[in-house]
2 protein chains.
Amino acid sequence: MKTYTASIIVSLRRAILDVQGKAVENALHSLHMQGMANVRIGKHIELDVLAPDIDTARSTVEEACAKLLANPVMEDVRIDIAEKAVGASA
Amino acid sequence: MKTYTASIIVSLRRAILDVQGKAVENALHSLHMQGMANVRIGKHIELDVLAPDIDTARSTVEEACAKLLANPVMEDVRIDIAEKAVGASA
């Protein structure tokens, strides 16, 4: 068994209005930071997963996303998996 | 002026207890998904920035992070900037 690190980005689908992003965009403009647009806010989830190989690790993480971490109706998920570097901080 | 897309990940520093991550980890274990650990939850922010070059775009985004998007005392920020693909959806 090896330890893999998964980096998951859960973001609202493009078609859905992101009110939080809109609020942040307005706040940026209030701070005189113009030139920024289309702010979208999502979640970033990082976790370690113990699996025999990278494909099993990916399918475990996909199952976790489908069951708990994301709403497949409203949200898109991007998953990056890499073997955990030896000596990396836990 | 060109349009760049910035992808920003704001996460709690390693030394700080991530209670939200801990709760998600416990929920995963309750769903009989063992083998997952060290869950950390952060924010993912995506925005378009108008700038003459990529260095100016990066410094604008760094300023936005310092002023509004992140708490530099408790959070780490990772910024990826790329030129926006022509024809990409807004």
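The values are calculated or read from the model by the stated rules, or taken from the named source; none is laboratory data. This structure is a prediction, so every number in the text was calculated from the model and none was measured. FYI the Cβ positions are ideal-geometry reconstructions off the backbone, even for glycines, and counts take in every protein chain you see. What goes into the accessible areas is simple: the full protein's heavy atoms, side chains included, and nothing from ligands, DNA or RNA. Shrake-Rupley method; radii C 1.70, N 1.55, O 1.52, S 1.80 Å.
Taking every protein chain into account, the accessible area of chain A amounts to 55 square angstrom per residue (probe 1.4 Å).
Taking the label point 7 Å along Cα→Cβ, A:Thr56 and its counterparts in the other copies are spaced 5.3 nm apart, in ascending order. Residues in the stretch B:69-75 carry Karplus couplings, in order, of 7, 9, 9, x, 6, 10, 10 Hz; the curve used is 6.51 cos²θ - 1.76 cosθ + 1.60 with θ = phi - 60°, and Gly or Pro positions show x.
Taking amide H positions as modeled 1.01 Å from N, with prolines and chain starts lacking one, the residues under 5 Å from A:Lys2 and 5 or more places away or on another chain are A:Ala51.
For the pair B:His32 and A:Ala37, what calculated FRET efficiency results from E = 1/(1 + (r/R0)^6), where r is the Cβ-Cβ distance and R0 = 45 Å, to the nearest 0.05? Using R0 = 45 Å, I get an efficiency of 0.55.
Number of Lys-Lys pairs in the protein assembly as shown with C-alpha atoms under 27 Å apart and a separation of 8 or more places or on different chains: 27. Measuring nothing but protein heavy atoms, the accessible surface of chain B at 1.4 Å probe radius is 56 percent carbon and sulfur. The phi torsions of the stretch B:30-47, fed into the Karplus equation with coefficients 6.51, -1.76 and 1.60 and a -60° offset, translate into couplings of 5, 8, 6, 9, 7, x, 10, 8, 6, 6, 10, 10, x, 10, 10, 10, 10, 8 Hz, rounded to whole numbers, with Gly and Pro shown as x. At most 14 other C-beta atoms within 10 Å and a DSSP loop state: those are the exposed trypsin sites (Lys or Arg not before Pro) I care about. Give me the longest piece of chain B that has none. Formally, the longest exposed-site-free interval is B:15-90.
Put a dot 7 Å past the Cα of A:Met1, heading toward its Cβ, do the same for B:Ala66, and the two dots end up 4.5 nm apart.
With R₀ set to 41 Å, the beta-carbon distance separating B:Ala85 from A:Thr56 gives a calculated FRET efficiency near 0.80.
Each Lys or Arg adds one and each Asp or Glu takes one away; over the other residues whose Cβ falls under 10 Å from the Cβ of B:Asp18, this sums to +2. Simple point charges give the picture: +1 on the Cβ of Lys and Arg, -1 on the Cβ of Asp and Glu, and for chain B a dipole about the Cα centre of about 280 debye.
Positive-end ranking of A:Ile81, A:Val61, A:Ile16 along the dipole of chain A, with charges on Cβ about the Cα centre, is headed by A:Ile16.
Shown here are the Rg and Dmax of the Cα trace of chain A, at 16.8, 52 Å. With helices as the sole contributors, chain A gives -8000 deg cm²/dmol at 222 nm; each DSSP H run of n ≥ 4 counts as -39500 (n - 2.57), and the sum is divided by every residue.
Round to the nearest 0.05 the FRET efficiency obtained for B:Ile16 and A:Arg78 when R0 = 25 Å and r is the Cβ-Cβ distance. Efficiency computed from Cβ-Cβ geometry: 0.50.
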